[in-house]
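First comes the structure, then the notes that go with it.
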Amino acid sequence: MSGKKVIIDCDPGIDDSLAIMLALSLEELDVIGITIVCGNAPVEMGYENALKILRFMNRLDVPVFMGAAAPMKRPFVNALDTHGPDGLGGSFLDSVPSDAYFRQEQTALEFLEQTLLAESVSVIALGPMTNLAALADHCPEAFARIDSIVSMGGSFRSHGNCSPVAEYNYWCDPDAAAIVYRETDHLGKRIHMVGLDVTRKIVLTPDLLTYLKRLDPETGSFVEQITRFYFDFHWEWEHLIGCVINDPLAVAYFVQRDLCSGFEAYVQIETDGICRGQSVVDSMQFLKHDPNAVVLTQVDALGFFRFFFLRLLHLKKDPDLLPLLVRT
Ligand code: RIB
Ligand code: CA
């Protein structure tokens with residue numbers, strides 16, 4: 001593989017699954033490992049779901065590592081109400097038989113520590129940040145060697161999706177998110193925060209799904225199978241015709257940075273009270289604190305879906321998607 005080495009830390013989860021599918025379709029990336037964290041689904045379920053996605057992508061060679069089964073301090077609250085009883089939209093895909101892959105003995109923390117002490121790689125974080133916080137606590141030297149972190153999480157001016165102000169990944173484990181942003185600050189680095197301000201514009205519509213199925217019946221049908229529940233959820237809760245696919249945007253942005261734009265700012269994560277999990281963005285520099293984040297606020301949604309279709313389906317020419325987008 002010649003692509004940039006990345007570790008995907010995730011909680012599959014429907015949109016995590018689409019993100020893994022996209023990442024494995026990008027020649028710019030070499031996914032050297034997938035670490036699972038409790039979040040949308042319990043960690044064991046997330047582990048099984050990652051294997052189901054790797055099987056579909058014919059990439060069971062990618063090692064998957066079991067990570068944290070609970071947040072650092074908070075009781076674990078999953079999001080199966082959004083992602084379905086199996087975490088994959090109620091598709092209940094057959095489990096991957098144990099003889100079809102090599103079950104890693106290392107934990108996610110052990111894999112992260114060993115890998116990063118050997119070489120500096122990046123992390124695309126798509127779930128609660130419990131694994132990364134554990135790394136920062138247990139082996140700060142390894143954490144410091146993360147080349148860059150692109151995190152799907154947080155929100156600047158958009159309302160929360162699991163509280164008035166908090167986005168789920170940072171709400172589920174606010175203590176972990178606070179540690180990761182604090183340690184990133186101490187290192188003088190910046191987390192790329194792909195928050196709800198931009199991901200809410202990434203709506204997979206029925207028309208886009210129909211087009212996906214026309215262009216590639218097998219992939220399109222698989223995507224439909226795992227997103228059907230998600231479409232229903234979005235209609236019931238937001239009367240949205242479509243579903244917000246947050247995580248694939250973080251992957252696309254990692255490779256094509258001009259899909260999003262924003263600004264550098266100091267960000268601190270609230271860990272308690274009614275605003276638990278809120279990403280407090282000091283956009284006016286009241287705190288006079290150097291930035292520890294790139295906060296993304298604008299996104300080229302058409303550009304994302306063109307990227308998504310072109311790369312996931314390995315198309316030869318640009319698909320004309322503009323008529324199929326929902327205007328949010
Ligand atoms: O708030 C959206 C995020 O939380 C996404 O990453 C979704 O998969 C869940 O993890
Ligand atoms: Ca996720």
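The values are calculated or read from the model by the stated rules, or taken from the named source; none is laboratory data. Small disclaimer: the values here were computed from a predicted structure and weren't measured. Cβ atoms come from the backbone with ideal geometry, glycine included; neighbour counts cover every protein chain shown. For the accessible areas, the whole protein counts, side chains as well, though only heavy atoms, and no ligand, DNA or RNA atoms are used. Shrake-Rupley method; radii C 1.70, N 1.55, O 1.52, S 1.80 Å.
The helix-based estimate of mean residue ellipticity at 222 nm for the chain, built from -39,500 (n - 2.57) per DSSP H run of four or more residues and divided by its residue count, is -11500 deg cm²/dmol to the nearest 500.
Shown for the chain: the carbon plus sulfur share of the solvent-accessible area, taken with all protein chains present and a 1.4 angstrom probe, equals 51%. Across segment 278-295, computed HN-Hα scalar couplings (Karplus, 6.51 cos²θ - 1.76 cosθ + 1.60, θ = phi - 60°) run 5, 8, 7, 9, 7, 5, 9, 6, 4, 7, 6, 10, 4, x, 10, 8, 9, 9 Hz from first to last residue, x flagging Gly and Pro. Of all lysines in the structure, those lying under 25 Å Cα to Cα from K316, and not within fewer than 8 positions of it along the same chain, are K4, K213. Using every pair of distinct Cα positions in segment 181-328, the Kirkwood expression returns a hydrodynamic radius of 17.0 angstrom. When each of the peptides 20-33, 124-137 is scored by how many other beta carbons lie within 10 Å of its residues on average, the order from highest to lowest is 124-137, 20-33. Expressed as a whole percent, the proportion of Cα-Cα pairs in segment 44-87 lying more than 13 Å apart is 63%. Across segment 259-322, the convex hull enclosing all Cα atoms gives 136 Å³ per residue.
Each Lys and Arg adds +1 at its Cβ and each Asp and Glu adds -1 at its Cβ; summed about the Cα centre, the chain shows a dipole of about 680 debye. Rg/Rh for segment 176-240 (Cα atoms only, Rh after Kirkwood) is 1.20. Summed over the residues of the chain and divided among them, the accessible surface reaches 41 Å² per residue at a probe radius of 1.4 Å. Taken over segment 129-174, the convex hull of the Cα atoms encloses 72 Å³ per residue. Computed about its Cα centre, the charge dipole of segment 1-157 is approximately 300 debye, with only Lys, Arg, Asp and Glu carrying charge at their Cβ.
Taking a straight Cα-Cα cut-off under 25 Å and skipping sequence neighbours fewer than 8 places away in the same chain, the lysines within cross-link reach of K288 are K189. Converting the Cα gyration tensor eigenvalues of the chain into ellipsoid dimensions via √(5λ) gives semi-axes, longest first, of 27, 23, 19 Å. Amide H to amide H, with H built 1.01 Å from N, T35 comes under 5 Å of I8, D9, C10, F65, counting only residues 5 or more places away or on other chains. Under a Cβ-Cβ cut-off of 11 Å, what is the net charge of the residues other than A178 that fall near it, where Lys and Arg count +1 and Asp and Glu count -1? Local charge sum for A178: -3. Report note on the peptides 69-76, 220-227: ranked by the mean count of other C-beta atoms within 10 Å, highest first, their order is 220-227, 69-76. Computed with the Debye formula from one identical point scatterer per Cα of segment 62-142, without solvent, the log10 of I(q)/I(0) at q = 0.14, 0.18, 0.22, 0.25 Å⁻¹ comes to -0.64, -0.98, -1.19, -1.26. Normalised Debye scattering of segment 234-288 at q = 0.30 Å⁻¹ gives log10 I(q)/I(0) of -1.01, counting only Cα atoms as equal scatterers and leaving out solvent.
3J(HN,Hα) couplings calculated from phi for segment 262-269 with the Karplus curve 6.51 cos²θ - 1.76 cosθ + 1.60 (θ = phi - 60°) are, in sequence order, x, 8, 7, 7, 7, 10, 10, 9 Hz; Gly and Pro show x. Relative to one another, the C-alpha centroids of segment 292-313 and segment 19-58 are positioned 19 Å apart.
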